[in-house]
1. Out of curiosity, is Asp58 among the acidic types (Asp, Glu), touching a helix residue (DSSP H, G or I) at 6+ places or on another chain (Cβ under 9 Å) and surrounded by 19 or more Cβ atoms within 10 Å (Cβ to Cβ)?
2. Please go through segment 69-116 and give me each residue that is among the small types (Gly, Ala, Ser) and buried (at least 21 other Cβ atoms within 10 Å of the Cβ), ordered by number.
3. Quick one: is Thr100 assigned to a strand (DSSP E or B) and not aliphatic (A, V, I, L, M)?
4. Mind checking which pairs have a first residue in segment 36-47 that is in contact (Cβ under 8 Å) with a residue 24 or more places away in the chain and a second that is assigned to a helix (DSSP H, G or I) and loosely packed, with under 15 Cβ neighbours inside 10 Å, Cβ under 8 Å, 6 or more apart or different chains?
5. I'd like to know if segment 83-94 contains one or more residues that are more than 30 Å from Thr34 (Cβ to Cβ), outside any strand (DSSP E or B) and of a type in the set (Asp, Glu).
6. State all residues of segment 38-55 that are within 12 Å of Leu106 (Cα to Cα) and surrounded by fewer than 19 Cβ atoms within 10 Å (Cβ to Cβ); if no residue qualifies, say none.
7. Go through (1) within 28 Å of the chain's Cα centre (by Cα); (2) on the phi > 0 side of the Ramachandran plot and name the single condition Gly62 misses.
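Every number here is computed from the coordinates shown, using simple stated rules; none is lab data. Note that the structure is predicted; figures quoted are calculated from it, not measured. Ideal geometry is used to build each Cβ from the backbone, glycine not excepted, and the neighbour counts take in all protein chains shown.
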Amino acid sequence: MLGVTMVGGDAGAGSILALAIVGVTTTAVLGVITGVGAVTLDQRVTAAADSAALAGADAARGIVAGAACDVAAQVADGNGVELAACEVSGTVVRVVTRATWAGLSLTARAVAGPPP
């Protein structure tokens with residue numbers, strides 16, 4: 001058999017390929033985690049807006065004690081979001097909630113009042 005000697009060779013190329021695969025996989029996983037976190041945050045902000053508007057409307061109708069926007073703020077805070085705006089028109093309450101995660105700020109709007 002003849003001995004073959006490679007000049008320059010490809011020694012270590014597998015290590016570089018493995019590092020590249022790990023880097024791409026890590027980036028993809030972080031992207032998925034960020035996306036899932038954003039969807040979860042969106043659902044939480046939306047649910048908090050709905051709950052805050054309903055609680056505020058109950059307060060506006062006198063079903064629960066307190067000022068409508070104060071009650072809405074307590075409910076929003078209890079859901080881990082900020083009540084960004086609150087407007088009361090008779091017994092109809094309009095709210096905007098906001099939360100931030102990983103530099104992403106999401107808002108949701110909701111309106112609640114007595115049944116028609």
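1. On the way: among the acidic types (Asp, Glu): yes; touching a helix residue (DSSP H, G or I) at 6+ places or on another chain (Cβ under 9 Å): yes; surrounded by 19 or more Cβ atoms within 10 Å (Cβ to Cβ): yes.
Spelling it out, Asp58 is indeed among the acidic types (Asp, Glu), touching a helix residue (DSSP H, G or I) at 6+ places or on another chain (Cβ under 9 Å) and surrounded by 19 or more Cβ atoms within 10 Å (Cβ to Cβ).
2. The first filter runs over segment 69-116 and keeps only residues among the small types (Gly, Ala, Ser), leaving 72-73, 76, 78, 80, 84-85, 89-90, 99, 102-103, 105, 108, 110, 112-113.
Scanning segment 69-116 gives Ala72, Ala76, Ala108, Ala110, Ala112.
3. The answer is yes for Thr100.
4. Listed pairs, sorted by first residue: none to list.
5. There is no residue in segment 83-94 that is more than 30 Å from Thr34 (Cβ to Cβ), outside any strand (DSSP E or B) and of a type in the set (Asp, Glu).
6. Ala38, Val39, Thr40, Asp42, Gln43, Arg44, Thr46
7. It is condition (1) that Gly62 fails.
This table checks each residue for (1) assigned to a helix (DSSP H, G or I); (2) touching a helix residue (DSSP H, G or I) at 6+ places or on another chain (Cβ under 7 Å).
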| residue | (1), (2) |
| --- | --- |
| Arg44 | yes, no |
| Ala52 | yes, yes |
| Ile63 | no, no |
| Ser105 | no, no |
| Pro114 | no, yes |
